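The values are calculated or read from the model by the stated rules, or taken from the named source; none is laboratory data. The model shown is predicted, which means the values in this text are computed figures rather than measured ones. Quick reminder, even Gly has a Cβ in these numbers, built from the backbone with ideal geometry, and neighbours come from all protein chains shown.
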Amino acid sequence: MSSDARPMSRHIAAHLTTVADVLQELAGEIEMLGTTLCMDADVLGRHIGTLQSIDLIAQKQRWLATLLQADCPLDAVDTIGVETLKARFAPAPSHGAASDLAS
């Protein structure tokens, strides 16, 4: 590895850490907003689906932050607790695999 590559890697890692930190902060803010809205029985009764969506957004942000902070983000995908998010990281099926099944 060249001497120029290490400082760049540290610089990129620092940026990714900052992005992860901001994602965590935003998730906390979104959760507090959802909690505040849930305290109003009328809002809760009329918007339960929306409030659940707010919670899901916060969960996804936390998992994305976890990936950015992981020593190996590829391995960390297996730990994602939101299946719809985990599925987005699944490798796309190769065209050869489909044709292999057909033959």
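If you check every pair at least six apart or on different chains, which have Cβ atoms under 7 Å apart with a residue in segment 4-17 that is closer than 26 Å to residue 62 by Cα first and a residue that is part of a helix (DSSP H, G or I) and at pLDDT 75 or above second?
Listed pairs, sorted by first residue: 16/68; 17/69.
Given the structure, is residue 12 surrounded by fewer than 11 Cβ atoms within 10 Å (Cβ to Cβ), under 20 Å from residue 69 (Cβ atoms) and of a type in the set (Val, Ile, Thr)?
On the way: surrounded by fewer than 11 Cβ atoms within 10 Å (Cβ to Cβ): yes; under 20 Å from residue 69 (Cβ atoms): yes; of a type in the set (Val, Ile, Thr): yes.
The answer is yes for residue 12.
Which residues, taken from segment 1-24, are in contact with a helix residue (DSSP H, G or I) (Cβ under 9 Å, 6 or more places away or on another chain) and assigned to a helix (DSSP H, G or I)?
Passing the criteria: 16, 17, 19, 20, 21, 22, 23, 24.
If I go through segment 17-54 residue by residue, how many of them are surrounded by 15 or more Cβ atoms within 10 Å (Cβ to Cβ) and under 20 Å from residue 80 (Cβ atoms)?
Residues in segment 17-54 being surrounded by 15 or more Cβ atoms within 10 Å (Cβ to Cβ) and under 20 Å from residue 80 (Cβ atoms): 8 in total.
Pick out, from segment 40-102, the helices (runs of 4 or more DSSP H) lying fully within it that include 1 or more residues that are in contact with a Gly (Cβ under 9 Å, 6 or more places away or on another chain) and at pLDDT below 95.
none
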